[in-house]
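Following: one structure in structure tokens, then a few remarks.
The values are calculated or read from the model by the stated rules, or taken from the named source; none is laboratory data. Everything numeric in this text was worked out from a predicted model, so none of it was measured. Cβ placement follows ideal geometry from the backbone for every residue including glycine, while neighbour counts extend to all protein chains displayed.
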Amino acid sequence: MKRTLTALVALAMLSIGAMATAPQTMGIVAHAQEAADIDTSMVQDMAIGNPDANVTVIEYASFTCPHCASFHATTFKDLKADYIDTGKINFIHREVYFDRFGLWAGIMARCGENAENRYFGIADIIYEQQGVWARQDDPNDIVASLRNIGKTAGLSDGELDACFQDADKAQALYAFFVKNSEADNVTGTPSFIINGEKYSNMPYDELKQVLDAALGS
């Protein structure tokens, strides 16, 4: 998965007019550095559950991936009720950017101050509405839909404008994705790293068995 950062970041950056609700043009960010050379300290893992738990589950998912949306509509609800809300595990959601639209969604989900407090709520909406916003033909319409989701979560137009215009943050997000996905050998979504061991998507009953074994229960 080794690649330079230019392609997706260039496509992701939006030049938005002061009164616009959708992008007018795509800016070009002329960086050819590899992910290892990019400072990603501004990017934090988005986590819920018990940070001190003995079991950590990392989900690698794309906001544009139908299988990921299906996981969050079904399995994740049970996982959250049985293991996250009960404090049995620490759950981390890492975005995978296989396309520019997924990166746009990631930028929006992480937008604004205290983004970690609203991230999973926004992620739920992004997945729930994926069949609408991500399947539109016009990129302007896609961004307008993502902005509407952000505003539903309380973000202002000014905050969204600033986030979509932040080239450094977009580059750091993409580099963070590349570094982590290469380290964990992630090639498809959703994928899961459970206490360091990689698993592909699976039914909840199978996931439950893996987690119970890791928990020693």
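For LYS169, are the conditions met, namely being modelled with pLDDT of 95 or more, of a type in the set (Lys, Arg) and assigned to a helix (DSSP H, G or I)?
no
Residues in the range 56-71 that are of a type outside the set (Gly, Ala, Ser), touching a strand residue (DSSP E or B) at 6+ places or on another chain (Cβ under 8 Å) and under 20 Å from TYR127 (Cα atoms): how many?
Filtering the range 56-71 down to residues of a type outside the set (Gly, Ala, Ser) leaves 56-60, 63-68, 71.
Pick out the ones that are also touching a strand residue (DSSP E or B) at 6+ places or on another chain (Cβ under 8 Å) and you get 56-60, 63, 68, 71.
From what's left, under 20 Å from TYR127 (Cα atoms): 57-60, 63, 68, 71.
Of the residues in that region, 7 qualify.
Residues checked against (1) within 18 Å of TYR199 (Cα to Cα); (2) at pLDDT 95 or above; (3) assigned to a loop (DSSP other than H, G, I, E, B):
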| site | (1), (2), (3) |
| --- | --- |
| ILE28 | no, no, yes |
| ALA32 | no, no, yes |
| ASP39 | no, no, yes |
| VAL43 | no, yes, yes |
| GLU59 | yes, yes, no |
| THR64 | no, yes, yes |
| PHE71 | yes, yes, no |
| PHE76 | yes, yes, no |
| ALA81 | no, yes, no |
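Can you spot a residue in the range 151-159 that is touching a residue at least 12 places away in the same chain (Cβ under 8 Å) and basic (Lys, Arg)?
Scanning the range 151-159, I find no residue that is touching a residue at least 12 places away in the same chain (Cβ under 8 Å) and basic (Lys, Arg), so the answer is no.
Any idea how many residues of the range 175-208 are in contact with a Gly (Cβ under 9 Å, 6 or more places away or on another chain) and in a helix (DSSP H, G or I)?
Count: 1.
So for the range 70-77 (the condition being crowded, with 20+ Cβ neighbours inside 10 Å and of a type in the set (A, V, I, L, M)), does at least one residue qualify?
For the range 70-77, residues crowded, with 20+ Cβ neighbours inside 10 Å and of a type in the set (A, V, I, L, M): absent.
Pick out the one residue from PRO203, PRO190 that is under 29 Å from THR74 (Cβ atoms) and surrounded by 13 or more Cβ atoms within 10 Å (Cβ to Cβ).
On the way: PRO203 fails: surrounded by 13 or more Cβ atoms within 10 Å (Cβ to Cβ).
None of the other options fit; the residue is PRO190.
Just to verify a result, which residue in the range 168-185, among those that are surrounded by 21 or more Cβ atoms within 10 Å (Cβ to Cβ) and not polar (S, T, N, Q), is farthest from MET108 (Cα to Cα)?
Looking at residues that are surrounded by 21 or more Cβ atoms within 10 Å (Cβ to Cβ) and not polar (S, T, N, Q), I get VAL178.
Examine the range 141-155 for a residue that is at positive phi and not acidic (Asp, Glu), and state whether such a residue exists. Show your work before the answer.
Residues of the range 141-155 that are at positive phi, as a first pass: 154.
Filter again for not acidic (Asp, Glu), leaving 154.
So far as the range 141-155 goes, yes, one or more of its residues are at positive phi and not acidic (Asp, Glu).
Out of (1) at pLDDT below 95; (2) assigned to a helix (DSSP H, G or I); (3) surrounded by 14 or more Cβ atoms within 10 Å (Cβ to Cβ), the odd one out for PHE98 is which?
(2)
Restricting to the range 102-150, give me the number of residues that are acidic (Asp, Glu) and either surrounded by 23 or more Cβ atoms within 10 Å (Cβ to Cβ) or not in a helix (DSSP H, G or I) (or both). Let's see the steps before the verdict.
Looking only at the range 102-150, we keep the residues that are acidic (Asp, Glu), and these are 113, 116, 124, 128, 137-138, 141.
Cutting the leftovers down to either surrounded by 23 or more Cβ atoms within 10 Å (Cβ to Cβ) or not in a helix (DSSP H, G or I) (or both) gives us 113, 137-138.
Residues meeting the conditions: 3.
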